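The values are calculated or read from the model by the stated rules, or taken from the named source; none is laboratory data. Every value quoted in this text rests on a predicted model; they were computed, and no experiment measured them. As a convention, Cβ positions derive from the backbone with ideal geometry for all residues, glycine included, and neighbour counts pool all protein chains shown. Protein only, heavy atoms only, side chains kept; ligands, DNA and RNA dropped before computing areas. Shrake-Rupley method; radii C 1.70, N 1.55, O 1.52, S 1.80 Å.
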Amino acid sequence: MVYCYCYTDGEGSSVRYSNEKTVYHMTKMLIENGHREFGVINGLKESEPAALRYNGFLKALNEAGITMKEENITCGNWKYREGKEAAKKLLNKNDHPTAIMAMNDDMAVGVCDAARELGLKVPDDVSVTGFDNSDIIQYVTPRITTVERPLQEMGYRAMELLLENVSGVSVGDVSITLPCTLIEGESVKKLNQENR
């Protein structure tokens with residue numbers, strides 16, 4: 001058996017993409033652009049991808065010596081509406097974050113709409129990132145900085161493993177984790193010293 005786009009409990013091979021490392025690099029990019037005050041809108045609490053993405057975020061912050069404010073961590077359940085409501089809570093504060101990381105694109109679009117309704121501009125007043133490079137962001141201005149998942153390669157590699165198993169040349173269960181690609185849009189502002 002070969003699992004694709006999901007996690008195994010140790011039985012069978014699996015092909016997936018790197019959630020933790022991808023968000024780690026996304027966070028480092030924001031830090032390099034001068035951001036120190038973050039908001040996070042995560043997915044479902046019991047979701048392993050959500051946990052891995054958050055771990056990557058925290059690892060980058062810890063390396064940079066940045067402390068995350070607990071009140072700036074919220075859950076959007078992967079959905080536009082919940083992402084929008086979570087963003088309104090984050091952005092209604094005087095000291096709102098300079099960057100909000102939404103852990104998928106649906107929620108990132110919700111963040112952009114919440115900012116607009118509150119009279120804020122992306123990225124001038126708040127930078128926004130997503131994850132998935134999904135179709136929804138093609139209709140949003142400015143273009144959201146996001147992540148492209150290697151879905152086609154995952155399918156190809158999973159089929160390769162399956163064919164190896166069927167033909168008897170398999171070396172046993174393997175776990176393959178593929179890298180994602182950062183897609184830089186127009187939703188991240190580079191802060192100078194005065195903005196920090």
In the chain, what % of DSSP beta bridges are antiparallel (nearest 5)?
-> 15 percent
Decide, for the stretch 29-126, between rounded, prolate and oblate: order the square roots of the alpha carbon gyration tensor eigenvalues as a ≥ b ≥ c, take rounded if a/c falls under 1.5, and otherwise choose prolate if a/b is larger than b/c, else oblate.
-> oblate
Under a straight-distance cross-link criterion of Cα-Cα below 18 Å, which lysines are reachable from Lys21, leaving out those fewer than 8 residues away in the same chain?
-> Lys59
Any chance you could look up the accessible area of Ser170 with a 1.4 Å probe, heavy atoms only, rounded to 10 Å²?
-> 40 Å²
Largest-first ranking of Val166, Val109, Val188 by accessible area, probe 1.4 Å, whole protein assembly kept, is Val166, Val188, Val109
With DSSP loop assignment and no more than 12 other C-beta atoms within 10 Å, the GluC sites (Glu not before Pro) in the stretch 10-101 are Glu11, Glu46
Around Leu30, what is the net charge, scoring Lys/Arg as +1 and Asp/Glu as -1 over all other residues with Cβ under 12 Å from its Cβ?
-> +1
Express the relative contact order of the chain as a whole percentage, based on alpha carbon pairs under 8 Å and six or more residues apart in sequence.
-> 26 percent
Would you compute, from DSSP H runs of 4+ residues alone, the mean residue ellipticity of the chain at 222 nm, taking -39500 (n - 2.57) per run and dividing by the full residue count, rounded to the nearest 500?
-> -12000 deg cm²/dmol
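Relative contact order for the stretch 87-196: what is it in percent, counting Cα pairs under 8 Å that are at least 6 residues apart?
27 percent
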Inter-label distance, nm, simple model (7 Å from Cα along the C-beta direction), Thr141/Lys21 = 3.8 nm
Where labels lie 7 Å past Cα in the beta-carbon direction, separation of Leu118 and Leu162 in nm | 4.5 nm
Between Val174 and Tyr5, 0.36 nm times their residue separation minus their Cα-Cα distance comes to what?
-> 59.4 nm
When we measure straight from the Cα of Lys79, which lysines land under 18 angstrom away, once same-chain ones fewer than 8 places off are left out?
-> Lys45, Lys88, Lys89
Ignoring ligands and nucleic acids, what accessible area does Cys75 show with a 1.4 Å probe (Å², nearest 10)?
-> 40 Å²
Prolate/oblate/rounded call for the stretch 49-98, Cα gyration tensor, a/c under 1.5 rounded = oblate
